[in-house]
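Q: This is the structure I want to talk about, given as structure tokens.
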Amino acid sequence: IPISEITKRLNDLKEDDSMKNITHNMITPWLIQAGILYEKVVDGKARKKPTEIAKGLGITLEIRNGLNGPYSIVTYNIEAQHFILDNLDAILSYHQEMKKSENENSPNQYQPWTDEQNQQLINMVSQNIPLAEISSTLQRSQSAILSHMNKLGIS
């Protein structure tokens, strides 16, 4: 099943509606930092793919057919789902630390982009530098980087 189905099932187990939902944006970054997934920017979007470690855990890349043709999706077998459940505390702790760090390390947040920053972004993307490193260098959130890449028409 895809990560969206895992989060849906986890959220269905909540006993209290006031509890915050778990999202794929909480789980996926932890999997990336653990070397289980990696990401590459393709067509202005960060695409996740499983590493060799992931394949041993039961995380694979599937090609599926949709209304607009074939697409790839990362899927998790039952062993991979148990792995995520077993590491849920670590995942949530990592998410909290990343949110705290992102707020502290994004001083350019909400600031206009300069021509120099635009050129630096274009150069880094053309060199296939990972999104996390681009974010750190430009001191902007990863979502802001992706949004600006779309605006500039680069991928």
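The values are calculated or read from the model by the stated rules, or taken from the named source; none is laboratory data. Quick caveat: nothing in here was measured; it's all calculated off a predicted structure. Cβ: placed from backbone, ideal geometry, glycine included. Neighbour counts: every protein chain shown. Surface areas here come from the heavy atoms of the whole protein model, side chains and all, with no ligands, DNA or RNA. Shrake-Rupley method; radii C 1.70, N 1.55, O 1.52, S 1.80 Å.
Q: Give me the number: length gained by fully extending Ile154 to Ser93, i.e. 0.36 nm times residue separation minus the C-alpha to C-alpha distance, one decimal in nm. All intermediate terms of the calculation are to be shown ahead of the outcome.
A: Details: separation 61, 0.36 × 61 = 21.96 nm, distance 3.32 nm.
Taking Ile154 through Ser93 to full extension adds about 18.6 nm, to one decimal.
Q: Charges at C-beta only: +1 for Lys and Arg, -1 for Asp and Glu. How large is the resulting dipole of the chain about its Cα centre, in Debye rounded to 20?
A: Values: 15 positive and 18 negative charges, 85 e Å.
Here the chain has a charge dipole of around 400 debye.
Q: Can you figure out the FRET efficiency of Arg64 with Glu133, using R₀ = 22 Å and their beta-carbon distance, to the nearest 0.05? Before the final figure, lay out the partial values.
A: Values: r = 30 Å, r/R0 = 1.38.
So, using R0 = 22 Å, E works out to roughly 0.15.
Q: If you don't mind, there's one more thing I want to ask. Multiplying the sequence separation of Tyr71 and Met19 by 0.36 nm and subtracting their Cα-Cα distance, what value in nm do you get?
A: On the way: separation 52, 0.36 × 52 = 18.72 nm, distance 3.31 nm.
Here the segment from Tyr71 to Met19 would lengthen by 15.4 nm.
Q: Separate question: Considering only the other residues whose Cβ falls under 13 Å of the Cβ of Gln120, what net charge follows from Lys and Arg at +1 and Asp and Glu at -1?
A: Details: positive: Arg140; negative: Asp115, Glu116, Glu133.
Here the charged neighbours net out to -2.
Q: Still on this structure: Could you please report the charge total around Val74, scoring K, R as +1 and D, E as -1 over all other residues with beta-carbon less than 15 angstrom from its beta-carbon?
A: Values: positive: Lys40, Lys45, Arg47, Lys48, Lys49, Lys55, Arg64; negative: Glu5, Glu39, Glu52, Glu62, Glu79.
Local net charge: +2.
Q: Which of the lysines could a cross-linker bridge to Lys55, judged by Cα under 19 Å and excluding same-chain residues fewer than eight apart?
A: Straight-line reach from Lys55, under 19 Å: Lys40.
Q: Please list, or write none, the lysines whose alpha carbon is within less than 16 Å of the alpha carbon of Lys20, excluding same-chain residues fewer than 8 places away.
A: Candidates past the 8-residue exclusion: Lys8, Lys99.
Q: Within straight cross-link reach of Lys100, meaning Cα distance under 18 Å, which aspartates and glutamates are found once same-chain residues fewer than 8 apart are removed?
A: Straight-distance partners of Lys100: Asp89, Glu133.
Q: Something else: Could you tell me which label, among (1) 15.2, 53; (2) 15.0, 42; (3) 17.0, 50, carries the value of Rg and Dmax of the Cα atoms in Å calculated for this structure?
A: Among (1) 15.2, 53; (2) 15.0, 42; (3) 17.0, 50, the one calculated here is (3).
Q: Want the number for Glu52 to Asn123: 0.36 nm per residue separation, take away the alpha-carbon distance, what's left? If you can, show how the numbers build up before the last one.
A: Numbers: separation 71, 0.36 × 71 = 25.56 nm, distance 2.91 nm.
That pair, Glu52 and Asn123, stretches by 22.7 nm at full extension.
Q: At 1.4 Å probe size, with the rest of the protein present, what percent of the exposed accessible area of the chain is carbon and sulfur atoms?
A: On the way: 4830 of 9930 Å².
Carbon with sulfur: 49 percent of the solvent-accessible area.
Q: What is the sum of charges, Lys and Arg at +1 and Asp and Glu at -1, for the other residues whose Cβ falls under 10 Å from the Cβ of Tyr38? Please list the in-between numbers first.
A: On the way: positive: Lys40, Arg47, Lys48, Lys49; negative: Glu39.
Computed value for this residue: +3.
Q: Assuming R0 = 35 Å, can you tell me the calculated FRET efficiency for the pair Arg9 and Trp113, based on Cβ-Cβ distance, to the nearest 0.05? All intermediate terms of the calculation are to be shown ahead of the outcome.
A: Details: r = 39 Å, r/R0 = 1.13.
Given R0 = 35 Å and the Cβ-Cβ separation, E is 0.35.
Q: Still on this model: Where the centre of each part is set by its Cα atoms, how far does the stretch 1-66 sit from the stretch 117-155, in angstrom?
A: 22
Q: Pop out the Kirkwood hydrodynamic radius of the stretch 69-155 from its pairwise C-alpha distances, inverse of mean 1/r, in Å to one decimal. Don't skip to the end; give the middle numbers.
A: Values: mean 1/r = 0.0655 Å⁻¹.
That comes to 15.3 Å for the stretch 69-155.
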